[in-house]
Amino acid sequence: MHCCLAFEVPLLVYEYVPNGTLFDLIHQSQLPISWNMRIKIAADIAGAVAYLHFASSVPIYHRDIKSTNILMDEKYVVKVSDFGTSKFVAVDQTHLTTLVKGTFGYLDPEYFQTSQYTDKGDVYSFGVILVELLTGQRAISLDVSQERNLSTRFLACMEANNLDAIIDTQVSKQAKIEEVIEFARLAKRCLNITGRMRPNMKEVARELESLSVSQLSANVTHAIEEANMYEAKSVLVPNIDYTGTSGDSVASTSDAHPLMSTKF
């Protein structure tokens, strides 16, 4: 982001991001989002917010984390944007007391009740994004016949041990059940009604990075296994003698290869 001073009123100039927002990718794009990509996006966002909280010279609370504020460049690398409601905080400061601001569906209920914003408010909002990635559903449903708040529906499914009822079909097809459960449990912890019970963004980023690395390692292992299987199937089968009379043929078994018994 740059500041343009060529006009009477200074203008902010943002980097062009051809792939729009994460909201566009999840809810408006016709392209399927792979499980790998969902994990990477989540890990990248968590890393960026963790940097704001812990690694910047002055800690920053974003206060409006949502999928429309996550921009995607040409390689789908995420960029956290819109710092209009963000606040600098002193290193020894535990919370901000402010007028409640944020976006319905992502707003920390504890902040809504107390007007005290902590870093765990960003954690809650990020938890909603995790659920969006997991379910492919909007933070606030347009269907008035059901509970409109996605986080409420998600937590109810988790409580009923009925995660299958809400996760995206694309996730069901591609992801291992243990990866989905780990991802969902992290989202649930981020959405804890009590702020102090939520993990901080550094812990969230670490867990997602671990899941991403584990998933990448599993993919590499699977690729190696497939390559070895293909190589095994490509082993030259010894020549077979066919002899017989009256059109009958009998294979000599003296040089038979074990692979001959395998059906392909």
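Restricting attention to segment 92-109, which residues are more than 21 Å from Asn69 (Cβ to Cβ) and either buried (at least 17 other Cβ atoms within 10 Å of the Cβ) or at pLDDT 75 or above (or both)?
Within segment 92-109, His95 is the sole residue that qualifies.
Is it true that some residue in segment 120-131 is without any contact (Cβ under 8 Å) to a residue 40 or more places away in the chain, closer than 25 Å to Gln215 by Cα and surrounded by 21 or more Cβ atoms within 10 Å (Cβ to Cβ)? Spell out the reasoning first.
As a first pass, look at segment 120-131 and keep what is without any contact (Cβ under 8 Å) to a residue 40 or more places away in the chain: none.
No, segment 120-131 contains no residue that is without any contact (Cβ under 8 Å) to a residue 40 or more places away in the chain, closer than 25 Å to Gln215 by Cα and surrounded by 21 or more Cβ atoms within 10 Å (Cβ to Cβ).
Which one is nearest to Thr118 (Cα to Cα) among residues in segment 42-67 that are among the hydroxyl-bearing types (Ser, Thr, Tyr) and in contact (Cβ under 8 Å) with a residue 40 or more places away in the chain? Outline the logic, then answer.
Restricting attention to segment 42-67, the residues satisfying the condition of being among the hydroxyl-bearing types (Ser, Thr, Tyr) are 51, 56-57, 61, 67.
If we keep only those that are in contact (Cβ under 8 Å) with a residue 40 or more places away in the chain as well, we get 61, 67.
Working: Tyr61: 8, Ser67: 20 Å.
Taking the candidates together, the pick is Tyr61.
Given Asp143, Asp122, which one is at pLDDT 90 or above and either out of contact with any His (no Cβ under 8 Å at 6 or more places or on another chain) or outside any strand (DSSP E or B) (or both)? Before the answer, list the steps.
Numbers: Asp143 fails: at pLDDT 90 or above.
Going through Asp143, Asp122 in turn, the sole match is Asp122.
Can you list the strands (runs of 3 or more DSSP E) found entirely within segment 7-107 that contain at least 2 residues being touching a strand residue (DSSP E or B) at 6+ places or on another chain (Cβ under 6 Å) and closer than 24 Å to Val131 by Cα? Talk me through it step by step, then tell me what you get.
On the way: elements: 11-13, 70-72, 78-80.
The qualifying strands (runs of 3 or more DSSP E) are 70-72, 78-80.
For segment 79-92, does any single residue satisfy the condition of being under 19 Å from Ala205 (Cβ atoms) and within 16 Å of the chain's Cα centre (by Cα)?
Yes, because at least one residue in segment 79-92 is under 19 Å from Ala205 (Cβ atoms) and within 16 Å of the chain's Cα centre (by Cα).
One line per residue, one yes/no per condition, for (1) over 23 Å from Glu182 (Cβ atoms); (2) within 15 Å of the chain's Cα centre (by Cα):
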| residue | (1), (2) |
| --- | --- |
| Ala48 | no, yes |
| Val77 | yes, yes |
| Phe104 | yes, no |
| Pro109 | yes, no |
| Ser125 | no, yes |
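Within segment 61-72, identify whether any single residue is in contact with a Pro (Cβ under 9 Å, 6 or more places away or on another chain) and modelled with pLDDT under 95, and answer yes or no.
Here is the first cut: in segment 61-72, the residues in contact with a Pro (Cβ under 9 Å, 6 or more places away or on another chain) are 72.
Narrowing the set further to residues that are modelled with pLDDT under 95 leaves 72.
Checking segment 61-72: at least one residue is in contact with a Pro (Cβ under 9 Å, 6 or more places away or on another chain) and modelled with pLDDT under 95.
For segment 155-175, give me each residue that is among the charged types (D, E, K, R) and either without any contact (Cβ under 8 Å) to a residue 24 or more places away in the chain or more than 21 Å from Asn36 (Cβ to Cβ) (or both). Explain how you work it out, then say what you get.
Applying the first criterion (among the charged types (D, E, K, R)) to segment 155-175 yields 159, 164, 168, 173.
Selection gives Glu159, Asp164, Lys173.
Taking Val144 as meeting all but one of (1) within 16 Å of His62 (Cβ to Cβ); (2) surrounded by fewer than 18 Cβ atoms within 10 Å (Cβ to Cβ); (3) of a type in the set (Val, Ile, Thr), write down the number of the exception.
(1)
The values are calculated or read from the model by the stated rules, or taken from the named source; none is laboratory data. These numbers were taken from a predicted model, which means no experiment stands behind them. Quick reminder, even Gly has a Cβ in these numbers, built from the backbone with ideal geometry, and neighbours come from all protein chains shown.
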